[in-house]
Each structure stands twice: as structure tokens, then as C-alpha cells.
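What follows is one structure encoded as C-alpha cells, with my remarks underneath.
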Amino acid sequence: MPLSHTHIRKTIATIVLAVLRHDQRLLDMAGGNGVSPATVRRWVLEVCTLLAARAERLDRALKRIVRKGGEVVLLDGTLIRTRRRTGAANRRNYSGKHKAHGLLFLALTDEKGRRLVWISAARPGRSSEITTARHNKLIEHLRVAGLGALGDLGFIGLDDDPDNPVLITGYKAARTKPLTSAKKEANKLIARKGPPASTPSPT
């Protein structure tokens, strides 16, 4: 009895999730499902292309927050670890900060850090969070939308308009200039308001 289209789609989705979420080898998934590794690779690439096409653009995501009455979003970056690659690609994906190979993403959540609003395209692991934010013109988009953002110390210097700031970060102590008690308290307040330890679920 031939398999239905629905069953085939569910099988493909399960295989792709196993590869993307649990880093299963293409050869193992192919052998266990009676297809070739090339077919599994094609499925993975097709699903990634489909998901990328359905991803919401930054300006539209911010406008939706404004329509719902939101005023502030939380900004954070994360490194998704990947396998070590050979040659020049190996150096591009190595993060000196995390001492690991991976791809860097920026994410915006709602003010409580519970709902994922937007996630950036992948950048090489060696990229910094502030460079990635500039690449995505994040401050310009926030200013146009009329939204503020809270970020960690990795984003200090991103907002270049001190007279009209849209990004609030904590204070970083200098070697010869320790933080005042007021700045320490401000850092504590931002840390409490900052992104949660676990990754929020997309909606």
C-alpha cells in the first residue's frame, strides 16, 4: 500500500528535525529510512529555505509589538554550536569568546523575555554581537518603530545617539574607575529585566 502524502510529509519533517535539532548524521538517517544521504540533505536544505522565507522581517515584527501596546524589547545574542570545519571556514566560525565553533544569532523578545519576536540570520561565530546588530541596522529599526530595548554589556556603544537613546545597557567598570553604587544598582535592575536563562519559544 503506497504511503499517503501526509505520511510522507510527516516522515520528512521528523527526519529534518532529527538532523537540525539533535545533529543526527545524514548517513544514519538515510539508512534507517530507506533513502540516500543526498535525499536527506536535499530535504534539510529545502526545509531551511522554506523556514527562512516564512521568517518575519524585523520592521514588521517591531510594528506588531507597537500595535499591541509594547514599548520595550529585550536584545540578546547566542552562539549555536556547530561542527568544526576545515580550511578557511573553520576560522570564520570559531568564536574566541566562547572558545567553540558555531554561528551567531541575535534575538529580540518581549519585555518579559517569554516570547520570541525576531531572530537574525546566522553570522559567522567570530562575529561580535555589536557588529551583528549594526549589520542588521537594529538601532535604526528600533528608532523608526519608536521602541526601546534593553541589552547586556556586549552592546555598549551600539547606540550612537546619547541625546535620543533607544538602547539601554548596563555600565562596565574600568580598571582605574570602579562602578559607583548607583551604577551597580542600575546593572542589577537591567539584569533582572534581561533575557531569561532559557531560550523563549517562538510564536
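The values are calculated or read from the model by the stated rules, or taken from the named source; none is laboratory data. Keep in mind that what you see is a predicted model, and the values were worked out from it rather than measured. Glycine gets a Cβ as well: all are built from the backbone with ideal geometry, and neighbour counts include every protein chain shown. SASA here: full protein model, heavy atoms, side chains in, ligands and nucleic acids out. Shrake-Rupley method; radii C 1.70, N 1.55, O 1.52, S 1.80 Å.
Restricting the calculation to Cα atoms, the range 1-95 yields a radius of gyration followed by a Dmax of 18.5, 56 Å.
Charging the Cβ of each Asp and Glu at -1 and of each Lys and Arg at +1, and nothing else, the dipole of the range 1-100 about its Cα centre rounds to 300 debye. Assuming charge only on the beta carbon of Lys and Arg (+1) and of Asp and Glu (-1), the dipole of the chain about its Cα centre is about 540 debye to the nearest 20. Centre-to-centre, using Cα atoms only, the range 1-64 and the range 121-169 are separated by 32 Å.
Residue by residue, the range 59-76 carries 3J(HN,Hα) couplings of 5, 5, 5, 5, 4, 5, 4, 5, 4, 8, x, x, 10, 9, 10, 9, 10, 7 Hz when phi is fed to the Karplus relation 6.51 cos²θ - 1.76 cosθ + 1.60 (θ = phi - 60°); x denotes Gly or Pro.
Within the straight-line cut-off of under 19 Å between alpha carbons, the aspartates and glutamates reachable from Lys10 are Asp23, Asp28, Glu46, sequence neighbours fewer than 8 places apart in one chain being disregarded.
Shown is the FRET efficiency for Asp28 and Arg81, computed with R0 = 25 Å from the Cβ-Cβ distance and rounded to the nearest 0.05: 0.80.
Evaluated with a Cβ-only charge set (Lys, Arg +1; Asp, Glu -1), the range 44-97 carries a dipole of roughly 220 debye about its Cα centre, given to the nearest 20.
Springs join every pair of Cα atoms under 10 Å in this Gaussian network model of the chain, and among Ser36, Ser120, Ser128 the largest mean-square fluctuation is at Ser36. Annotation: per residue accessible area for the range 12-90 equals 70 Å², rounded to a whole number [probe 1.4 Å, protein chains only]. Using a 1.4 Å probe on the protein chains only, how many percent of the accessible area of the chain belongs to carbon and sulfur? In the chain, the share of accessible area belonging to carbon and sulfur is 55 percent. Around Gly157, with a cut-off of 15 angstrom between Cβ atoms, what is the net charge of the other residues, counting Lys and Arg +1 and Asp and Glu -1? Once positives and negatives cancel, what remains is -3.
Residues Arg42, Arg175, Arg9, ordered by accessible area of protein heavy atoms at a 1.4 angstrom probe radius and largest first, appear as Arg175, Arg9, Arg42. Ordering Gly96, Ala52, Ala107 by the projection of their Cα atoms onto the charge dipole of the range 46-108, which places +1 on the Cβ of Lys and Arg and -1 on the Cβ of Asp and Glu, puts Gly96 at the extreme positive end. Taking the alpha carbon gyration tensor of the chain, multiplying each eigenvalue by 5 and rooting it gives semi-axes of 38, 21, 14 Å, largest first.
Go ahead and set up a Gaussian network model of the chain, Cα springs under 10 Å, then flag whichever of Arg91, Arg54, Arg21 fluctuates most. So, out of Arg91, Arg54, Arg21, the one fluctuating most is Arg21. Mean separation of Cα pairs under 8 Å and 6 or more residues apart, divided by the residue count, gives the chain a relative contact order of 18 percent. Equivalent ellipsoid of the range 103-170: semi-axes from √(5λ) of the C-alpha gyration tensor, largest first, are 18, 15, 11 Å. In this label model, Asp163 and Cys48 are separated by 4.6 nm, measuring between points 7 Å along each Cα→Cβ vector. Taking 0.36 nm per residue of separation and subtracting the current Cα-Cα distance, fully stretching the chain between Ala38 and Asn136 would add 31.9 nm. Rounded to 0.05, the FRET efficiency of the Lys10 and Lys68 pair, given R0 = 30 Å and the Cβ-Cβ distance, is 0.35. Given Lys63/Lys112; Lys97/Lys172; Lys112/Lys188; Lys63/Lys188, which pairs have Cα atoms separated by over 21 Å? Correct reply: Lys63/Lys188.
By DSSP, the beta bridges lying fully in the chain are antiparallel in about 70 percent of cases. Using heavy atoms of the protein chains and a probe of 1.4 Å, the accessible area assigned to Val72 is about 50 Å².
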